[in-house]
Amino acid sequence: MGMPENSALLQENSDTLILVPVFSEASVIAEVVTELGQYFPNICCIDDGSPDSSGVIASQAGAQVIWHPMNLGQGAALQTGIEAGIENTEINYFVTFDGDGQHSPTDALEMVRTLREHEFDVVFGSRFLDERTELTLAKRVVLRMAITYTNWLTGLKLTDAHNGLRAFNRNVAQAIQLQHDGMAHATEIVNQISKGGFRYCERPVHIVYTYYSKAKGQSLWNSVNILFDLILR
Amino acid sequence: MRIAQLFLMVIILGLLWFALHHRSSTEARAFRRIAFLGLTLLIVLAVLFPDVLTEIANTFGIGRGADLVIYLVSIGLLFFSVSAYLKFGDMDRRITLLTRHIALLESKGDMGQIDPDDLPEV
């Protein structure tokens, strides 16, 4: 921090809000916020009713924190963050970023640049566009099935359905109305972007599966629950 | 498959559709109450007159009266499960909206600033 190039970056990104849904990330959230803070001045953590002190730590690390009085799920946390961001008229770009440290701030930086320099409304992060991300076979198979289903449902052509790293502009933020509180929101976001007719693209991102993020991440069984939630409503 | 069996299938699917699409309407609530009373009456009758029930079951192509009761109770259970699932979904939705509204109000300081002394120890 404190390098001149970074202060220029911070200036450039003053119209960008990073949304970090946080649930029980006390051991990693400070590092996530600090790393993001080198590139982005506006970081909003939505503490989704964590039983630990994740929100306090995020706040001390320099993030704005919104507190859910109880745990609702990642979809609800993102919707809260989006609505808070819309009220701030200086914010033109939104980035959703996982709180467990599996995403890279430089990927987020590249995605916001893509939004600025090209005619896109949304940039989706994809772990399948290059070889950086290492996945187990089971996870690879389930994610492939998820993306096949999402593409079939929405008519978009994406390579990675359930990636928490996305960047979008204000128009998209205003169009998104997440109804699924849990993890089914990933498909829901894609669906609403499809219905809104927004211009989208994908960028390769690197997902770092640490021991921590693996332990905390989505169980493969949860894909059954997600599918059920999406169908029966 | 007998025509009567087909008839029963249509009723099951019709009820499921009804449970999915009219879950909060007045008709749906009235329907649930009628179904509840009807099922209670049927069970009482089944205990009192097992033979009559078997005759009714036979006209539907079902062997015994007790089997007919099992099928109807199964339908009732399925119907109840789906209704309850959807009702809980609606309730979750309302809790979500309320919780998110409180969170946003709090973040704007409309409900008073968060007192740092009230926050849990790090």
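The values are calculated or read from the model by the stated rules, or taken from the named source; none is laboratory data. Model, not experiment: these values are computed from the prediction. Positions of Cβ are generated from backbone atoms using ideal geometry, with glycine treated the same way; all protein chains shown enter the neighbour counts. Only protein heavy atoms, including side chains, enter the accessible area calculation; ligands, DNA and RNA are left aside. Shrake-Rupley method; radii C 1.70, N 1.55, O 1.52, S 1.80 Å.
A Cα-only calculation for the protein assembly as shown places Rg and Dmax at 25.8, 92 Å. Short version: which residues of the range A:169-188 lose at least 10 Å² of accessible area, all chains versus chain alone, 1.4 Å probe? Listed by number, the residues meeting the 10 Å² cut-off are A:Leu178, A:Gln179, A:Asp181.
Each chain gives up part of its surface: A and B jointly bury about 1800 Å² of accessible area, both sides summed, for a 1.4 Å probe.
Could you state, as a whole-number percent, how many of the C-alpha pairs of the range A:124-201 are farther apart than 15 Å? Intermediate values should be presented prior to the final figure.
Numbers: 1708 of 3003 pairs.
Across the range A:124-201, Cα pairs with separations above 15 Å total 57 percent.
Among the residues of A:62-70, the average count of other protein chain beta-carbon atoms within 10 Å of the residue beta-carbon is 4. With a 10 Å cut-off around each Cβ of B:95-108, the average count of Cβ atoms from other chains is 6.
Here B:Trp17 sits with roughly 140 square angstrom of accessible surface, probe radius 1.4 Å. The Cα trace of the range A:13-106 gives Rg and Dmax of 11.8, 33 Å, the first to one decimal, the second as a whole number.
Computed from point charges on the beta carbon alone (+1 for Lys and Arg, -1 for Asp and Glu), the dipole magnitude for the range A:1-134 about its Cα centre is near 180 Debye.
Sorting the segments B:76-88, A:86-98 by their mean number of nearby beta carbons within 10 angstrom, highest to lowest, gives A:86-98, B:76-88. The label-point distance for B:Ala84 and A:Arg132, in a model that sets each label 7 Å from Cα toward Cβ, rounds to 4.8 nm.
Were the residues from B:Leu97 through B:Leu48 laid out at 0.36 nm apart, the gain over their Cα-Cα distance would be 12.6 nm. Charge dipole of the protein assembly as shown (Cα centre as origin; +1 on each Lys and Arg Cβ, -1 on each Asp and Glu Cβ, all else neutral): 1840 debye, rounded to the nearest 20.
In peptide A:49-56, what is the residue-averaged number of other protein chain Cβ atoms found within 10 Å of each Cβ?
3
Projected label points at A:Trp221 and B:Leu104, each 7 Å from Cα along the beta carbon direction, are separated by 3.6 nanometres. The peptide list A:106-118, A:16-28, B:32-44, put in order of mean Cβ contacts within 10 Å with the highest first, becomes A:16-28, A:106-118, B:32-44.
Positive-end ranking of B:Ile102, A:His162, A:Ile46 along the dipole of the protein assembly as shown, with charges on Cβ about the Cα centre, is headed by A:His162. The value obtained for the range B:14-78, namely the Cα convex hull volume divided by the number of residues, is 81 Å³ per residue.
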